[in-house]
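Notes for the one structure printed next.
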Amino acid sequence: MPALAPSFDLLPGADDSPVILHVPHSAREIPADVRAGIVLDDAALERELDHITDAHTARIAEVAAGLAAVAPWRFVNRLSRLVVDPERFPDEREEMLAVGMGAVYTRTTHQEVLRPADTDPEPLLERYFRPYAEAMTEAVAGRLAATGRAVIIDVHSYPSAALPYELHGEGPRPPVCLGTDAFHTPPELTELARKAFEPCGETGLNSPFSGTYVPLRFHESDARVHALMVEMRRDLYMTEPGGPANPGLDRLGEALAALVDGLGR
């Protein structure tokens with residue numbers, strides 16, 4: 001039986017760049033055997049993908065990489081987060097389990113049934129989640145070995161209006177939300193991001209989404225790994241939900257490139 005192709009790409013940047021642009025939620029692809037376990041009909045699934053996908057964020061990261069003086073590395077998920085969500089804890093630590101959206105989702109953005117509640121997540125975790133986590137861990141280890149530090153910039157987007165699944169959707173929804181971590185996000189990283197995204201409008205902190213992604217090997221244990229989540233409100237650059245991009249995409253790509261350039265100094 002042939003080996004499965006990876007569900008992600010590690011796109012190399014400059015040897016001396018510590019930066020990894022992590023794009024976990026940009027894709028819509030769902031393998032046929034995984035689709036078989038989702039109870040939505042095709043039309044409902046397309047609507048769900050419109051709402052749950054961080055559309056065009058891979059393109060924003062690509063624009064940034066092309067503009068940056070020192071090209072960052074890019075780690076891009078090529079499958080939908082409806083297959084597995086690589087940024088969730090795979091166990092009871094994950095607060096999104098409360099709304100059926102742990103590492104393997106059983107509920108939709110509107111809290112309808114996506115998969116049966118008794119779905120065993122283990123096959124999907126084994127096939128997709130763990131290889132992704134291992135590869136991202138190795139990517140970070142590679143930047144540490146090459147440069148002595150690693151900076152993960154988590155590239156996300158979010159809708160202008162809160163969706164029912166959001167646990168903290170009642171707070172501010174600024175043009176750009178920066179998600180931080182007490183251990184892995186130094187104040188100077190947050191300040192660099194604020195300055196870089198000034199041309200795109202106001203930046204806020206940890207509302208409506210908070211935290212950032214760090215592979216578990218380094219989580220709260222290796223201070224050489226810095227991380228920041230960048231959540232761009234979708235009406236800045238696309239037609240919601242799930243529609244085409246507009247010229248705002250290039251402005252966000254330029255801002256992300258400015259952040260990358262600031263981190264290279």
Relative packing of 224-230, 111-117, 207-213, 124-130, which averages over residues the other C-beta atoms within 10 Å, highest first: 224-230, 207-213, 124-130, 111-117
Set of the stretch 238-262 residues, backbone N closer than 19 Å to the point 7 Å along the Cα-Cβ line of Glu198: 251-262
Compactness of the stretch 162-265, expressed as Rg and Dmax over alpha-carbon positions, Å: 14.4, 41
Percent of alpha-carbon pairs separated by more than 16 Å within the stretch 108-216: 71
Equivalent ellipsoid semi-axes - Cα gyration tensor, the chain, angstrom: 28, 22, 17
Per-peptide average of other Cβ atoms within 10 Å, ordering 153-162, 37-46, 214-223 highest first: 153-162, 214-223, 37-46
Accessible carbon and sulfur surface of the chain relative to its total accessible area, %, 1.4 Å: 53
Size-normalised alpha-carbon gyration radius of the stretch 51-186, reference 2.2 N^0.38 Å: 1.16
Scattering profile of the stretch 205-246 at q = 0.22 Å⁻¹ [log10 I(q)/I(0), Debye over alpha-carbon scatterers]: -0.78
Residue-normalised accessible area of the stretch 170-230, given per residue in Å² at a 1.4 Å probe: 47
Rounded if a/c under 1.5, otherwise prolate or oblate - the stretch 102-170, Cα gyration tensor axes: oblate
Cα-based shape type of the stretch 55-101, given that a ≥ b ≥ c are square roots of the gyration tensor eigenvalues and the cut on a/c is 1.5: prolate
Cβ-Cβ FRET estimate between Arg149 and Glu29, R0 fixed at 51 Å, reported to 0.05: 0.95
Neighbourhood charge, 13 Å Cβ-Cβ cut-off, centred on Arg35 and excluding it, Lys, Arg +1 and Asp, Glu -1: -4
At least 20 Å along the helix axis (C-alpha) and Kyte average at least 0.5, DSSP helices within the chain: 248-263
Förster-model FRET efficiency, 51 Å R0, Ala182 and Ala43, C-beta, rounded to 0.05: 0.75
Rounded accessible area per residue of the stretch 9-82, 1.4 Å, Å²: 39
Selection from Leu167, Phe89, Gly201, by position along the positive dipole direction of the chain (Cβ): Gly201
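The values are calculated or read from the model by the stated rules, or taken from the named source; none is laboratory data. Computed from a prediction, not measured in an experiment: that's the story for all the values here. Using ideal geometry, Cβ is built from the backbone for each residue, glycine included, and neighbour counts are taken over all protein chains shown. Surface areas here come from the heavy atoms of the whole protein model, side chains and all, with no ligands, DNA or RNA. Shrake-Rupley method; radii C 1.70, N 1.55, O 1.52, S 1.80 Å.
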